[in-house]
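Enquirer: The following block contains the structure, expressed as structure tokens.
What follows is calculated from the coordinates using simple rules that are stated; it is not laboratory data. A quick note: this is a predicted structure, and the numbers were derived from the prediction, not measured. Here Cβ is always computed from backbone atoms with ideal geometry, including for glycine, and neighbour counts include all displayed protein chains.
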Amino acid sequence: MITGLCKRGKLEETEDLLSKMIDSGVCDYEQWDKAKRLLDDMLAQNIPRNIQTYTILVDALCKEGKVTEAHHLFASMIKEGALPNTVTYNTLMDGYCLVERVDEAKNLLDYMTSHNCAPSVISYNTLINGYCKSKRLDEALSLFKGMSRNGIDPNVATYNTLISGLCHDGRFKDAMMLFDEMKTCGLEADIVTYSTLVDSLCKHKKVEEALEMFAKIDSVGLAPNIVTCNCLIDGLCKDGKLEGANKLFSELSVRGLKPNVRTYNIMINELCKRGKLDEAEDLLSNMVDSGCSPDGFTYNIIIQGYLMYMEMSKAISMLEKMISCGFSADVDTATFVVKILTTRGLDKSCKETLEIFLKKT
């Protein structure tokens with residue numbers, strides 16, 4: 001079809017068809033050689049490859065981690081006179097950040113500005129995110145401060161990225177300063193903002209403050225999602241407040257939320273640590289009945305609970321079930337098994353079963 005369109009001189013239709021092919025599947029299936037041949041065909045037929053065609057392929061290469069190839073394609077684009085637009089630059093910048101080549105992303109932003117292509121808020125957000133993930137928070141903040149000087153107003157995503165980065169770096173006070181700054185700039189924090197702060201407060205053992213932050217969510221007209229609730233349930237459990245965690249867990253359905261595998265794992269883990277194995281078993285049954293499939297972590301934590309309290313027959317039964325479901329023991333479970341095997345008076349059949357299991361592990 002492409003060859004036929006070329007022979008009939010229908011260059012615009014050929015160009016559009018190639019763009020659609022690249023966009024709808026050629027790159028998605030990693031058929032890079034085919035995609036390259038299509039682009040080479042365009043060049044052989046003297047069909048100029050447009051910005052859209054290049055940008056789609058650059059994006060697909062970046063998503064596969066082929067950033068060097070994307071860079072070469074970007075350079076070819078410029079050489080052929082197809083000037084990149086903001087979307088093209090943003091796409092390649094994101095690719096660099098995904099493989100932690102943040103300095104090259106920054107160079108691209110500078111190059112973009114010097115070649116009369118105005119960066120967008122997405123350009124800055126992309127690079128700020130790259131700096132945050134590389135734990136280069138001061139550079140992220142410096143870039144953030146430079147946005148307004150270049151006529152770009154930060155948006156909620158900009159603040160969320162920085163707040164998350166600062167929280168992960170233990171700079172909670174700085175994160176709260178940005179949270180307060182959002183309001184003065186006329187921006188409304190969203191559920192991502194609040195979830196990040198609740199999670200950070202819990203991780204820094206400030207559970208009472210996390211509860212206050214959680215309460216603010218309702219007061220500003222937002223609704224907590226399951227991620228927010230999981231953060232607080234986990235924080236309450238780790239702070240020894242199982243009753244509070246149970247209360248929030250039981251309120252999920254009232255809030256229109258359904259527990260996910262992480263929610264169940266948090267609760268089951270805490271119940272097992274406290275020796276409440278019957279309650280952990282009941283919760284596991286409820287989990288399965290509700291259509292939420294246990295994962296490897298679920299099996300490991302309940303097996304560790306059985307081993308900790310010498311419920312050997314139940315531990316072995318759960319070990320066998322875990323293996324049949326395609327999961328394996330983690331380091332903690334294997335360590336427990338080794339410890340149990342050194343216990344005097346261990347039933348011979350149990351010992352043999354555990355030794356076989358350990359060899360498989």
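Enquirer: Over segment 135-275, with a single point scatterer placed on each C-alpha, what log10 of the ratio I(q)/I(0) does the Debye formula yield at q = 0.13, 0.15, 0.21 1/Å?
Expert: Rounded to two decimals, the profile gives -0.60, -0.77, -1.24.
Enquirer: Now a separate question. Of Thr91, Met322, Leu283, which is farthest towards the positive pole of the chain's charge dipole, taken about the Cα centre with +1 and -1 on the beta-carbons of Lys, Arg and Asp, Glu respectively?
Expert: Positive-most Cα among the choices belongs to Met322.
Enquirer: Here is a further query. How far is the Cα center of segment 242-304 from the Cα center of segment 212-226, in Å?
Expert: 23
Enquirer: From Cα pairs below 8 angstrom and at least 6 apart in sequence, can you work out the relative contact order of the chain, rounded to a whole percent?
Expert: Normalised by residue count, the contact order of the chain is 6 percent.
Enquirer: State, in angstrom, two size descriptors of segment 284-361 derived from its alpha carbons: Rg to one decimal place and Dmax to the nearest whole number.
Expert: When restricted to Cα atoms, segment 284-361 yields Rg and Dmax of 12.5, 41 Å.
Enquirer: Quick one: compute a quarter of the convex hull surface over the Cα atoms of segment 55-177 and quote it in nm².
Expert: Hull-based average projected area comes out at 7.3 nm².
Enquirer: Once you wrap a convex hull around the alpha carbon atoms of the chain, what is its projected area averaged over all directions, in nm²?
Expert: Value for the chain: 24.5 nm².
Enquirer: How much length is gained on full extension from Ser142 to Lys351, taking 0.36 nm per residue of separation minus their Cα-Cα distance?
Expert: Using 0.36 nm per residue and subtracting the Cα-Cα distance, I get 69.2 nm.
Enquirer: For segment 316-349 and segment 120-176, what is the separation of their Cα centres, given in Å?
Expert: 46
Enquirer: Next question. Please go through the residue pairs Lys321/Lys348; Lys339/Lys359; Lys173/Lys203; Lys276/Lys359; Lys273/Lys359; Lys276/Lys314 and name each one whose alpha carbons sit more than 19 Å apart in this structure.
Expert: Lys321/Lys348; Lys276/Lys359; Lys273/Lys359
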